[in-house]
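The values are calculated or read from the model by the stated rules, or taken from the named source; none is laboratory data. Predicted, not measured: the structure shown is a model, and the values here were computed from it. Don't worry about glycine lacking a Cβ; one is built from the backbone with ideal geometry, like all the others, and counts go over all protein chains shown.
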Amino acid sequence: MSSLQLSKGAEPYPGYKLVRFLGRGGWGEVWKAERKEDGAMFALKFLPSESQLVASNEIRALQAIRQLDHPYLVRTEQIWSCSGCLVIMMELAEGNLLDLYDVYMKEFRQPIFADHLCYYLSQVADALDFLNRRQHQVNDQCVAFRHCDVKPSNLLMVGLQLKLADFSLGVQTTTPICRHRKVGTLDYAAPEIFQGWLSERTDQYALAITYFQLRTGQLPFRDTPSTFSRKYMRPAPDLSGLSATEQTILRRGLAPVPQDRWPTCTEMMQRLTRAVGAPSESLQPVG
């Protein structure tokens, strides 16, 4: 990871003591940490940084997103750089959607109920549409933000709310489509990412995959390579296990050409909500 030693009881930053290891992903480690002055608990994410220049650029991008105010975005409290790492301090969540999926499998022996899943992912859709609209003022520019790593482990449970987290790959842009480095989680990556592009509907593609995975326990593509390759072309998704109406809706969300997808993530989720017969606003699922 870096020269920074992470272990229970350590203080990687003065005044914050690591309490418990929460998880590890392709981009770093997450720890539960206690602020010693008042006992408040937070999540600290440690991201390896290739250089001080990269760290500086990433901090600027994260600081810009940090200023945004939306009920379904995880609150970022502080960002700093130390010992080859970016450290992001966030509000502490109870778990993520993969954890919730495991609870449903254990308690009910089936994936997350369709109406419950629509309730939660509709909140994520609202957050993604908020980010993707070119309406945010940064350095006298009106910009949009692309999340670039939507997946179940980045969707966190905070009470009955689901919040979008982990903006370490987020991109600030003024155009609907732009050149982009090939990064992200391959199982959820849209076709344009493999070609080095990023669009205003790239996050919708990943949200559609997330819905399918949490409804069925499977991924719609069985041939995803282990590394990004321009030669790879996404095949038609295998959406078996869903109703015909759900398949039709998701197939549009997974269209190879971004412009052929739904205008917004919210519209896709509204249609899925109606397809499974779920109330769009009043549902209060058991967490």
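Structural remarks
- Looking only at segment 179-190, and only at residues there that are touching a strand residue (DSSP E or B) at 6+ places or on another chain (Cβ under 9 Å) and either at pLDDT 95 or above or of a type in the set (Val, Ile, Thr) (or both), the one that is surrounded by the fewest Cβ atoms within 10 Å (Cβ to Cβ): THR185
- Considering only residues in segment 23-45 that are surrounded by 14 or more Cβ atoms within 10 Å (Cβ to Cβ) and modelled with pLDDT under 90, the one that is nearest to THR76 (Cα to Cα) turns out to be LYS45.
- Selection within segment 139-156 - surrounded by fewer than 18 Cβ atoms within 10 Å (Cβ to Cβ) and of a type outside the set (S, T, N, Q): ASP140, CYS142, VAL143
- Matching residues in segment 214-253 - criterion: being surrounded by 11 or more Cβ atoms within 10 Å (Cβ to Cβ) and part of a helix (DSSP H, G or I): LEU214, ARG215, THR216, THR245, GLU246, GLN247, THR248, ILE249, LEU250, ARG251, ARG252, GLY253
- Scanning segment 157-171 for residues that are buried (at least 17 other Cβ atoms within 10 Å of the Cβ) and either part of a strand (DSSP E or B) or in the same structural domain as LEU22 (by TED's automatic domain parsing) (or both) returns MET157, VAL158, LEU162, LYS163, LEU164, VAL171.
- Test: LEU156 is at pLDDT 95 or above, in contact with an Asp or Glu (Cβ under 9 Å, 6 or more places away or on another chain) and over 27 Å from LEU22 (Cβ atoms): no
- Residues satisfying the stated conditions in segment 73-129, i.e. among the polar types (S, T, N, Q) and in a strand (DSSP E or B): THR76, GLN78, SER81, ASN96
- In segment 12-22, residue farthest from ALA165 (Cα to Cα) [restricted to those that are loosely packed, with under 14 Cβ neighbours inside 10 Å and modelled with pLDDT of 90 or more]: GLY15
- Odd one out for THR175 among (1) without any contact (Cβ under 8 Å) to a residue 12 or more places away in the chain; (2) surrounded by 18 or more Cβ atoms within 10 Å (Cβ to Cβ): (2)
- Within segment 99-154, the set of residues being over 21 Å from the mean Cα position of the chain (by Cα) and at positive phi comprises ARG109, ASN139, ASP140.
- Selection of segment 213-241 for residues being over 23 Å from the mean Cα position of the chain (by Cα) and under 17 Å from LEU272 (Cα atoms) yields SER240, GLY241.
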